[in-house]
Amino acid sequence: MKTLIIDDEIDICYLLSGILRQKNCHTNYVNNLADAVVQLKNSPPFIVFLDNHLPDGLGIDFVAHIKKNYPDTKIIMITAYDTIDDRQQAINKGVDIFIGKPFTKEAIISAIEDLNNSHSVPHM
């Protein structure tokens, strides 16, 4: 399945990519929202892993763009800003799963499996 990681921390992109490869995910990553717009247009993924604090804006504000243009794409927000208010705002805006940093491999795998089990996943 196609996944896109949007995170400005290269180490996080590499770590997530490695975990996702173990689950047979085809992963791309970008480090800002401008590049995310282009990547989404060129190759819409099944899942987006979205950081909140990016160099050119907030991921939470980008959720509406994803939901409007790619309504079948699932969003997993991964952020160090993990408060009850942050979680609630993310869920209210359409985030499917919220994971605080630092995250565990198990949390990522569980999130993917939850989305796999609750939706029909295209195998690409």
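Our note on the geometry: Cα centres of the stretch 66-90 and the stretch 1-41, 15 Å apart. Spin-label model, Glu9/Asn117: points 7 Å from Cα along the beta carbon direction are separated by 2.8 nm. Around the amide H of Lys74, modelled in the peptide plane, lie the amide H atoms of Ile47, Val48, all under 5 Å away and 5 or more residues distant in sequence or on another chain. Ranking Leu4, Ile78, Leu58 by Cα position along the charge dipole of the chain, where only Lys, Arg, Asp and Glu carry charges on their C-beta atoms, puts Leu4 farthest toward the positive end. Computed about the Cα centre, the dipole magnitude for the chain is approximately 460 debye when only Lys and Arg (+1) and Asp and Glu (-1) carry charge, each at its Cβ.
Based on C-alpha pairs under 8 angstrom that are at least 6 apart in sequence, the chain has a relative contact order of 25 percent. Restricting attention to the chain, close to 10% of DSSP beta bridges with both partner residues there are antiparallel.
For the chain, set up a Gaussian network in which alpha carbons nearer than 10 Å are linked by springs, and say which option among Ile12, Ile84, Ile47 fluctuates the most. Judging by the Gaussian network model, the answer is Ile84.
Once the C-beta distance of Lys41 and Ser17 is scaled by a Förster radius of 25 Å, the resulting FRET efficiency is 0.75 to the nearest 0.05. Close amide H pairs (under 5 Å, H built 1.01 Å from N) link Ile5 with Asn28, Tyr29, Val30, Phe49, residues at least 5 positions away or on another chain. Among Gln22, Gln89, Gln39, the residue with the largest mean-square fluctuation in a Gaussian network model of the chain, with springs joining Cα atoms closer than 10 Å, is Gln22. Farthest towards the positive end of the charge dipole of the stretch 2-117, among the residues Cys25, Phe49, Leu15, is the Cα of Cys25, using unit charges on the Cβ of Lys, Arg, Asp and Glu. Computed from phi, the 3J(HN,Hα) profile of the stretch 53-60 under the Karplus parametrisation 6.51, -1.76, 1.60 (θ = phi - 60°) reads 9, 10, x, 10, x, 9, x, 4 Hz, with x in place of Gly and Pro. Among the listed values (i) 10.2; (ii) 8.8; (iii) 6.7, the one matching mean projected area of the Cα convex hull in nm² as calculated from this structure is (iii). Legend: distances between Cα atoms for Lys74/Lys101; Lys2/Lys93; Lys68/Lys105; Lys23/Lys74; Lys2/Lys41; Lys67/Lys105; pairs beyond 24 Å are Lys68/Lys105; Lys67/Lys105.
What is the sum of charges, Lys and Arg at +1 and Asp and Glu at -1, for the other residues whose Cβ falls under 14 Å from the Cβ of Lys41? Net of charged neighbours comes to +1. Sorting Met1, Met77 from the fewest to the most surrounding beta carbons within 10 angstrom yields Met1, Met77.
Every number here is computed from the coordinates shown, using simple stated rules; none is lab data. This one's a predicted model, so the numbers in the text were calculated from it and none came from an experiment. Reconstructed Cβ throughout: ideal geometry from the backbone, glycine too, with neighbour counts over all protein chains shown.
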